[in-house]
Amino acid sequence: MTIAADEAITTETDIDADESIPVKPKAAALTFEAQPFTSFDERRSGGYKRRNLIIIGTIIVISIISISIALTRRTCCAIPDEPTRTIDFTTGVSIITNYAVDSKVRSRLATTNLTMEVLNGMNCSSVHMVTLQLPLNTRVTSLKTVANDGCTTNGKVKEIQEARDTFVEQTSQGLSSAYVEAQDEFTYTVQVSIPPFGKTKVELIVEQILQQRRGMIAFEVPLIPNEEVDSLLFDLSVEDVQGNPVDFQIELHLPGIKTNATNGTNKYHLELPDARQHDLPLVVRGTYTPGQIPENGLLYFDGSCFEHYFLPPSLKPMPRNFIFVVDVSESMPHDKKLNATKIALKKFISTIDESDSFSIQTFGDKGTLDLWGPEKGTSDGKEDAKNFLDVLSNENHRHTWGTNLHEAVLEALLRAKDDIKESKNDTVSILVLVSKEWASTGETDRSKIVKNVHDLNNDGSVKIFTLGFQGSSDMALLDAISLLNGGISANILSGDLDDNFEPQITRFLESEMGSVLLSDMHVNFIVDKVRVVGTTNTYFSLMAGGYEVVVRGLVQGTLNDNPLKAEITASTLENVQNWVAVATDSPATVDSSLCYQSYAHARVSQLVRLSEAADFLGDKVLKSLVTLADPSCKEEHFVTCIEQEAVHLAIDAKIVAKGLTAMVTVDSDDCMKFDDSAPVCLDGTTSDPTAWSQERMSDGTYMRACSIFFSLFVCLMPLVAALLSI
């Protein structure tokens with residue numbers, strides 16, 4: 001009996017490991033009754049527990065599958081209704097054949113008319129989505145579609161959810177329509193509904209605000225969308241602020257293609273019937289030399305809208321104290337980001353002179369990993385700094401995974417403020433932060449980071465400029481830090497080339513702080529018995545040589561004999577100086593609507609920036625940064641008032657603003673006849689894998705999915721019942 005019991009115990013142990021043999025547990029139970037052992041009872045109880053856990057786990061898995069299918073398919077084994085459509089989708093088969101770009105640069109505003117013809121290859125109404133990469137400070141301002149039957153619909157700017165609902169309703173009826181939305185500050189999506197076997201022509205107008213920097217006006221023209229087109233037409237013309245034609249240069253490196261305008265003309269024409277055979281850039285960059293602006297500035301006024309242009313006169317540059325704060329956490333060396341930062345800093349350091357001083361601080365999981373300087377901008381000092389930067393790309397340098405952004409900025413501020421004590425009163429202190437990651441170690445609360453930086457620098461003595469790499473850095477945080485500390489933030493864009501980071505960093509440093517002529521500049525407008533409302537930014541912490549400032553605004557009321565005036569006050573190397581400009585009528589060669597359109601564009605951009613930074617700022621701080629056009633707004637949170645003004649202005653000026661407004665075609669009753677029986681394509685591709693998952697299964701596939709589910713359920717349930725009965 002003892003031997004049998006021992007054998008039974010061994011058998012029971014084996015059964016616990018493999019419960020697919022149903023006979024052994026009973027034998028073990030009989031042996032156990034003849035020769036009971038407490039230790040064996042514990043084993044036997046543990047075996048049942050494991051078996052029951054497996055049974056319960058199986059039931060849970062089946063339940064999860066059942067719930068998931070019920071939620072995603074609504075009702076099982078019933079053919080699904082027509083899916084609820086979402087934004088950012090493409091259906092059917094369609095292509096862009098002809099694509100035309102007509103760009104006019106006038107009065108610091110580049111207006112580009114994009115025309116595309118989209119063909120549908122299916123006998124059902126399809127939706128074609130195209131993505132456009134637009135330059136910085138660019139907005140969509142007009143939209144129009146022309147169907148193959150000649151019907152024309154015009155775009156209307158609406159609040160974003162209303163515009164989405166309108167487009168979804170139109171596409172579900174197979175109507176010819178279009179929809180435009182800003183995904184971020186550079187990317188816009190355009191969706192076009194095309195009739196069965198038909199063609200839809202889409203006309204889109206985008207506008208870019210321009211500014212003179214380093215003595216040149218740089219502009220960018222969106223050349224092609226983020227997909228290939230069959231043929232391309234490109235026309236470009238340029239006029240200065242007075243409306244006079246000027247020569248210009250563009251960057252378009254194509255074999256056998258002329259890349260500059262003919263002398264004495266302001267026009268350029270390019271025709272590529274075989275566009276797919278060329279490696280075309282998404283954006284064409286160009287420059288031109290503007291006309292000279294008077295020393296006191298240029299103030300144009302059309303009776304309700306004004307524009308004030310000011311370029312610092314020939315002044316001696318002010319001495320600068322720099323502290324460059326560089327992220328060297330582990331991810332920075334990837335994608336050549338650290339190397340690009342190093343090259344750009346070395347180029348900029350070469351421009352520093354002996355009146356300047358500078359230091360370099362690196363950070364990762366600690367606020368300071370390595371520190372160089374401060375030193376004067378002597379030849380030896382600059383060479384030593386470049387050698388220090390070379391070490392940053394050495395594999396033996398201690399890169400870290402964490403990013404202690406909070407500690408890095410505060411420690412750099414302490415060093416910058418300490419340097420101010422040893423500097424002359426006319427010295428400008430500048431902190432430049434280059435970061436790739438979000439704050440991940442130390443203090444990670446973004447609001448606290450912004451507050452602590454502002455508290456330490458509440459006198460504004462250090463101007464903080466920030467650069468972040470697109471897609472990985474916390475640009476909202478970086479922008480809020482710059483906004484509250486007299487600086488500017490810049491998003492370093494990713495591109496097709498690995499070496500495109502360095503030129504962006506170099507241009508930013510040279511244009512924003514290359515040769516500082518003025519600091520703490522304020523612009524005030526003097527009027528008699530009228531009110532200036534909703535001006536764009538009127539405070540500028542720094543002005544570099546060749547850097548143009550433009551302030552735009554509106555006037556409520558009628559001016560009498562006293563003209564509108566703009567008064568500028570700023571610190572220079574020698575003392576505080578003033579400049580006064582008197583308004584003149586806008587040139588007859590300049591379209592009067594350009595002033596309001598330029599104003600609305602710049603003002604909406606300003607308000608959107610404040611709205612995005614509102615999460616880090618309180619109402620008191622926000623109110624100190626902007627004066628609303630309607631000061632009577634009584635919303636509980638001031639950011640709501642900011643967003644309301646931005647939405648109303650964007651709708652009035654027909655501007656698509658990220659997160660606030662979108663544009664959808666709604667006009668022409670003759671073209672917008674709803675047809676419930678219209679054939680609509682439901683299959684296709686989408687940029688959002690979850691958006692159109694329901695229609696990706698045909699009815700037969702869907703029925704098979706239900707059948708497989710129930711087959712599994714029916715097969716598993718008897719097994720579960722059998723196991724439970726054992």
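Residues in segment 421-468 that are surrounded by fewer than 17 Cβ atoms within 10 Å (Cβ to Cβ) and aliphatic (A, V, I, L, M): 456 alone. Against the test of being among the basic types (Lys, Arg), open to solvent by 60 Å² or more (accessible area, probe 1.4 Å), at pLDDT 90 or above and farther than 21 Å from residue 542 by Cβ, the options 342, 346, 382, 366 yield a single qualifying residue, 366. For the residues 205, 194, 217, the requirement of being among the hydrophobic types (A, V, I, L, M, F, W, C), out of contact with any Asp or Glu (no Cβ under 8 Å at 6 or more places or on another chain) and open to solvent by 10 Å² or more (accessible area, probe 1.4 Å) singles out 205. Filtering segment 450-486 to residues that are under 25 Å from residue 521 (Cβ atoms), in contact (Cβ under 8 Å) with a residue 24 or more places away in the chain and in a loop (DSSP other than H, G, I, E, B) leaves 457, 460, 461, 485, 486. Evaluated against (1) under 14 Å from residue 656 (Cβ atoms); (2) outside any strand (DSSP E or B), residue 175 falls short on exactly one condition, (1).
For segment 355-363, the count of residues that are open to solvent by 10 Å² or more (accessible area, probe 1.4 Å) and either among the hydrophobic types (A, V, I, L, M, F, W, C) or under 16 Å from residue 392 (Cα atoms) (or both) is zero. Filtering segment 571-615 to residues that are among the aromatic types (Phe, Trp, Tyr), modelled with pLDDT of 90 or more and surrounded by fewer than 21 Cβ atoms within 10 Å (Cβ to Cβ) leaves only 579. Tallying residues that are part of a helix (DSSP H, G or I) and within 30 Å of residue 280 (Cβ to Cβ) within segment 152-172 yields 2.
Among the numbered conditions (1) surrounded by 21 or more Cβ atoms within 10 Å (Cβ to Cβ); (2) more than 30 Å from residue 531 (Cβ to Cβ), the only one that residue 308 does not meet is (2). Pairing each residue of segment 147-167 that is more than 23 Å from residue 644 (Cα to Cα) with any residue that is surrounded by 15 or more Cβ atoms within 10 Å (Cβ to Cβ) and among the charged types (D, E, K, R), provided the two are 6+ apart or on different chains, yields C-beta distances under 6 Å for 148/199; 154/144. For segment 272-303, a residue qualifies if it is under 33 Å from the mean Cα position of the chain (by Cα), open to solvent by 60 Å² or more (accessible area, probe 1.4 Å) and within 19 Å of residue 241 (Cα to Cα), and exactly one does: 289.
I'd like the full set of residues that are open to solvent by 40 Å² or more (accessible area, probe 1.4 Å) and of a type in the set (Lys, Arg), limited to segment 134-166. Hits for segment 134-166 are 144, 156, 164.
Looking only at segment 407-448, residues that are in a helix (DSSP H, G or I) and under 19 Å from residue 361 (Cα atoms) come to 14 in all. Going by the conditions given, is residue 131 surrounded by fewer than 19 Cβ atoms within 10 Å (Cβ to Cβ) and over 18 Å from residue 176 (Cβ atoms)? Criteria met by residue 131.
The values are calculated or read from the model by the stated rules, or taken from the named source; none is laboratory data. For clarity, every value in this text was computed on a predicted model and none was experimentally measured. Please note: Cβ atoms are built from the backbone with ideal geometry, for glycine as well, and neighbour counts cover all protein chains shown. Ligands, DNA and RNA are stripped out before the accessible areas are found, and what is left, the full protein with its side chains, is counted by its heavy atoms. Shrake-Rupley method; radii C 1.70, N 1.55, O 1.52, S 1.80 Å.
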